[in-house]
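**Q** So that we are looking at the same thing, I have put the structure below in structure tokens.
The values are calculated or read from the model by the stated rules, or taken from the named source; none is laboratory data. All figures in this text were calculated on a predicted structure; none of them were measured in a lab. Backbone-built Cβ (ideal geometry, glycine too); neighbour counts: all protein chains shown. Keep in mind that these areas ignore ligands, DNA and RNA; they rest on the heavy atoms of the full protein, side chains included. Shrake-Rupley method; radii C 1.70, N 1.55, O 1.52, S 1.80 Å.
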Amino acid sequence: MPSGRKRRAEPVDDYPDSSPAPAAQATQQKQRGTQQTRRQQSPASDAEDFVDGEEGGESDDASIQQLAKNLVRYALSCEYARVPLRRQDISTKVLGSRSRAFRKVFDEAQDMLQDIFGMELVELEKKEKVTISQKRAAQMSQNASKSSGQWILKTVLPKKYLNDPRILSPPRAPTIEAEAQYVGLYSMVVSLILLAGGTLPEAKLDRYLKRLNADQSTPLDKTDKVLARMGKDGYIIKVKESQGGEESIDYVVGPRGKAEVGAEGVAAFVKRVYGEEADDSLHQRLARSLGISERGAGEAGPATQKRNRGRPRQPDNNEEEEQDEDQSEED
């Protein structure tokens, strides 16, 4: 009989060459899982690159809302100090790494300001080029931007509420009386400049202030310091120019003065000073001096007819008296 001994089976190779070892399999599975996770997760940079799109979902909307609230707080604090908001400051102090979301955050902040505070951000005009050197530099500069990149807060309340101190009163800091005096002073100076055609020599401004007994001091401070403050806040600009060895000093309206007061504000200010004596002739003179329609100057009647070009304007009696007085003072 054949022997009953069984031949021992040859050992089977548990790790053939055709398949990777367990350690290699684990490494490959880990790499595949990491790549799949990367594809599923969107990095923060993608959210910034597509902040205006639909990526980001609710978390992105909440982030925009918070940034808009921060911008509103920053705008209110800047307006308290009469400092304009600058695009660069908004990007660094409010947006941070989300600078690409500027337009979306700005629009959201505008809605909050209008709905809650009755104000809006208004872009300031660029400073006017007055001197010859400034005009030449502006002509030579081809890359000059038309936008100033600066904003201030301005009320959006209806006009019927603007003259009611119960609704719109001067700020309480430092005091209501001090702020009311300052508003009255810079409104008067801006009005004098605009009524003079947009440029007022320093000597003529001094004569006007002397008539008001404000050539040396005002209820706030010395006249020089108050004018310097107006220049710092952007209501007026002091322009110095030398021609033929002689220095001339003029005043023009600054960007904030144009935005807060403007031609229509000057017309309303003059009409309020005249009170019941304001007639049609006053509206016509204001419209002619400020370059606005008579409706903007406060007249409810029809607009004035256009004057023929080249026809000289006859000066009013008050203008003739003022010219005679100025000539006598110069003599």
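**Q** Of the conditions (1) modelled with pLDDT under 90; (2) farther than 30 Å from Leu200 by Cα; (3) open to solvent by less than 90 Å² (accessible area, probe 1.4 Å), Glu120 clears all except one; give me its number.
**A** (1)
**Q** Something else now. Being more than 23 Å from the chain's Cα centre (by Cα) and under 23 Å from Glu264 (Cβ atoms): is that true of Leu162 here? Even if it seems obvious, please write down each step before you answer.
**A** On the way: more than 23 Å from the chain's Cα centre (by Cα): no; under 23 Å from Glu264 (Cβ atoms): yes.
It is false that Leu162 is more than 23 Å from the chain's Cα centre (by Cα) and under 23 Å from Glu264 (Cβ atoms).
**Q** In the stretch 162-202, what residues are touching a Ser or Thr at 6+ places or on another chain (Cβ under 9 Å) and farther than 28 Å from Glu128 by Cβ?
**A** Leu168, Ile176, Ala180
**Q** If you don't mind, there's one more thing I want to ask. Could you tell me which residue of the stretch 172-191 is modelled with the lowest pLDDT, considering only residues that are more than 24 Å from the chain's Cα centre (by Cα) and not polar (S, T, N, Q)?
**A** This residue is Ile176.
**Q** Which residues, taken from the stretch 272-288, are assigned to a helix (DSSP H, G or I), surrounded by fewer than 20 Cβ atoms within 10 Å (Cβ to Cβ) and either in contact with a Lys or Arg (Cβ under 7 Å, 6 or more places away or on another chain) or on the phi < 0 side of the Ramachandran plot (or both)?
**A** Let us first name the residues in the stretch 272-288 that are assigned to a helix (DSSP H, G or I), namely 272-277, 280-288.
So of that shortlist, the ones also surrounded by fewer than 20 Cβ atoms within 10 Å (Cβ to Cβ) come out as 272-277, 280-282, 284-285, 288.
Across the stretch 272-288, the qualifying residues are Arg272, Val273, Tyr274, Glu276, Glu277, Asp280, Ser281, Leu282, Gln284, Arg285, Arg288.
**Q** Please enumerate the residues belonging to the stretch 234-247 that are over 28 Å from Ala81 (Cα atoms) and surrounded by 14 or more Cβ atoms within 10 Å (Cβ to Cβ).
**A** Across the stretch 234-247, the qualifying residue is only Glu241.
**Q** Same structure, new question: Suppose we filter the stretch 203-233 for residues that are open to solvent by 70 Å² or more (accessible area, probe 1.4 Å) and of a type in the set (A, V, I, L, M); how many remain?
**A** 1
**Q** Identify all residues within the stretch 73-98 that are open to solvent by 60 Å² or more (accessible area, probe 1.4 Å), touching a helix residue (DSSP H, G or I) at 6+ places or on another chain (Cβ under 9 Å) and over 25 Å from Ala173 (Cα atoms); write none if there are none.
**A** Result: Arg87, Thr92, Ser97.
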